[in-house]
Amino acid sequence: KKAKSIENYYGIESISGTDLYNNGIKQAKNLGIQIEEDEVTNIAYEGHFIVSTANREYESKYVILATGTNRQTPNIKGIKEFEGKGVSYCAICDAFFFRNKDVVVIGNGNYAIHEAKQLKPVAKSVTILTNGKEMIHNRASEDFEVNEEPIREFRGTNSVEEVQFEDDSTEKIDGVFVAIGTASSTDLARKVGAVIKNNNIVVNENMETTVPGLYACGDCTGGLLQISKAIYEGAKSAVDI
């Protein structure tokens, strides 16, 4: 939707990303497909898939991940250096390693709240750091301590031990969970144990991930990051299902 002008898609001389998206949604609705505009925060598997959104849950035998890839990495000193050494991108995957420890979640939206809720029963304390952004306000966000001060860096020796803010204040921590913006396809795939390689979801020739019934298509599978590839992979997933 963010593309100002698309000029490399067959049969279309030039179109904006917003117009192409809206045309596709209109076409789907005309075919009787139900469209729900909601933010997905988690996917779980209990004999079938349970897709959690900000407002409700859906149950399904199959799921196709097609939300693209998250190209935004927090530009905070220490994030990359401590990946796997206290910095994580999946609460449900790594919460166990932070039992009775002090952790922070970076983010300011529904996804950050979801990750904080996953950590709360396990960790000693959970604080949401918005890194200078305003926290969304709802009933769930009130359950957590929130710090909106911009972050300067994360520090430590062999693992992350401290966060320093731009006002020179510091806080001792044992873990950092990154949950900025909305959950990407790879974020959601990790939650059900799908294999991720080089930040791309691993799929077979039918676009099925290593988790049976879970498919992925588009930028999240890597390779050529073009609309034509995403269209093919989406069709391949649907036909296989």
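For this structure, a couple of remarks:
- Label point at ILE231 placed 7 Å out along Cα→Cβ; residues across the stretch 187-211 whose backbone nitrogen lies under 16 Å: none
- Per-selection Rg to Rh, the stretch 4-80 - Cα, Kirkwood hydrodynamic radius: 1.08
- Label zone (ILE6, point 7 Å along Cα-to-C-beta; backbone nitrogen cut-off 13 Å) within the stretch 16-32: 16-27.
- Cross-link reach list, lysines versus LYS29, counting only Cα pairs under 28 Å and skipping chain neighbours closer than eight places: LYS1, LYS2, LYS4, LYS61, LYS229, LYS236
- Of the solvent-accessible surface of the chain, computed with a 1.4 Å probe over protein heavy atoms with every protein chain present, carbon and sulfur atoms account for 47 percent.
- Taking label points 7 Å from Cα along the Cα-to-Cβ direction, VAL202 and LEU31 give a separation of 3.1 nm.
- Dipole check for the chain: with +1 at the C-beta of Lys and Arg, -1 at the C-beta of Asp and Glu, and the Cα centre as origin, the magnitude is about 480 Debye.
- The mean accessible area for residues of the chain, using a 1.4 Å probe and ignoring ligands and nucleic acids, is 57 Å² per residue.
- Across the stretch 189-233, Cα-Cα pairs farther apart than 12 Å form 55% of the total.
- Percent of Cα-Cα distances greater than 26 Å, calculated over the chain: 44 percent
The values are calculated or read from the model by the stated rules, or taken from the named source; none is laboratory data. Keep in mind that what you see is a predicted model, and the values were worked out from it rather than measured. Here the Cβ is made from the backbone with ideal geometry for all residues, glycine too, and neighbour counts use every protein chain on show. Quick note on the areas: whole protein, heavy atoms, side chains included, nothing else; ligands and nucleic acids left out. Shrake-Rupley method; radii C 1.70, N 1.55, O 1.52, S 1.80 Å.
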